[in-house]
1. Let me have the relative contact order for the chain, percent, based on Cα pairs under 8 Å that are six or more residues apart.
2. When you have a sec, figure out the Kirkwood radius of the chain from all distinct Cα pair distances and drop it here in Å to one decimal?
3. With only alpha-carbon atoms counted, please give the Rg and Dmax of the range 72-163, in Å.
4. Loop only per DSSP, at most 16 neighbouring Cβ atoms within 10 Å: give me the trypsin sites (Lys or Arg not before Pro) in the range 61-141, ordered by residue number.
5. Determine which lysines satisfy two conditions relative to residue 36: a Cα distance under 24 Å, and not lying fewer than 8 residues away in the same chain.
6. To make sure I understand, if each residue's beta carbon is the centre and we count other beta carbons within 10 Å, what order do 35, 14 fall in, fewest to most?
7. First select every other residue whose beta carbon is under 12 angstrom from the beta carbon of residue 103; then total the charges, Lys and Arg +1, Asp and Glu -1.
8. Using the Cβ atoms and a cut-off under 13 Å, what net charge is assigned to the surroundings of residue 18, where Lys and Arg are +1 and Asp and Glu are -1?
Amino acid sequence: MADFELCVNPGKNEIVGFDGDNYSCRAIKTRVVTEKDSLTEIIMEYAKPHLKKGDVLFLSEKMVACAQGRAIPLSSIKPGLFARILSGFVTKSKAGIGLSMPETMQCAIGECGCFRILLASAFGMLGKIFRQKGWFYHVAGYRAACIDGPCDYTIPPYNRCVILAPLAPDRVALNLSKRLNNVAVMIVDANDLGVRILGCSGPIDRRRMSNLLRQNPLGQSAESTPMGILRAIS
């Protein structure tokens with residue numbers, strides 16, 4: 001595999017550090033991944049030729065979800081009454097649409113159940129009273145927090161889809177690690193506001209890994225780099 005497929009996205013740094021240790025952080029370009037692809041085959045084709053012992057391979061949760069068939073066309077989602085009402089109370093963030101549109105809220109209800117979303121909404125309103133953020137998602141869980149709505153800057157056909165959270169992220173990471181001679185694998189939900197590690201193939205220092213990826217090295221737009229490699233620098 002040619003080296004040009006490893007890259008550093010515009011505005012990102014190749015060398016990242018935490019607590020006195022430095023790492024090379026590079027992204028891997030791929031073709032657009034769909035539910036017709038085998039995630040394992042994608043990893044073996046694009047990532048394995050570049051990996052060395054001690055590396056950490058990190059994957060975008062969107063790529064994993066899309067390979068699992070978790071990208072839902074916007075046209076196939078029919079929001080109910082609760083979804084239309086509750087979405088109006090969600091504040092839009094710079095990181096994306098989130099649950100601020102009826103279609104994404106309907107998906108959250110489908111993923112988490114109506115009762116849990118209503119309970120989360122009540123806690124979210126209570127949090128606003130006390131000027132505390134994140135109470136809604138703390139109650140709703142990661143499946144609600146990871147839902148991504150359609151965006152114009154997303155690669156087609158996903159610019160007209162709602163992408164759900166990946167299923168069984170720990171198990172997916174572990175299975176991929178076994179195919180990669182036990183190289184550490186993480187599945188991450190990263191945006192320009194923060195990083196959440198959804199799954200990993202084994203014990204890791206989550207604080208360290210989150211800090212190393214805080215620049216969102218895979219990008220927030222149409223970079224076509226859904227995975228990357230962290231490599232410690234001696």
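1. Numbers: 432 pairs, mean separation 73.2, N = 234.
Relative contact order here is 31 percent.
2. Working: mean 1/r = 0.0543 Å⁻¹.
Hydrodynamic radius (Kirkwood, Cα pairs) of the chain is 18.4 Å.
3. Final numbers for Rg and Dmax: 12.7, 40 Å.
4. On the way: sites: 62, 70, 84, 92, 94, 116, 128, 131, 133; in loops: 70, 92, 94, 131, 133.
Here the trypsin sites (Lys or Arg not before Pro) that fit, given the DSSP loop and packing criteria, are 92, 94, 131, 133.
5. 48, 62, 178
6. Numbers: 35 11, 14 14.
The most exposed by this proxy come first: 35, 14.
7. Details: positive: 78, 84, 160; negative: 148.
Charge balance in the 12 Å sphere: +2.
8. Numbers: positive: 206, 207, 208, 214; negative: 19, 21, 205.
Its environment carries a net charge of +1.
Values quoted throughout were computed directly from the atomic coordinates according to the rules given, and no laboratory measurement underlies them. On a predicted model such as this, the values are computed, not experimentally measured, just so you know. So basically every Cβ, Gly included, is an ideal-geometry build from the backbone, and we count neighbours across all protein chains shown.
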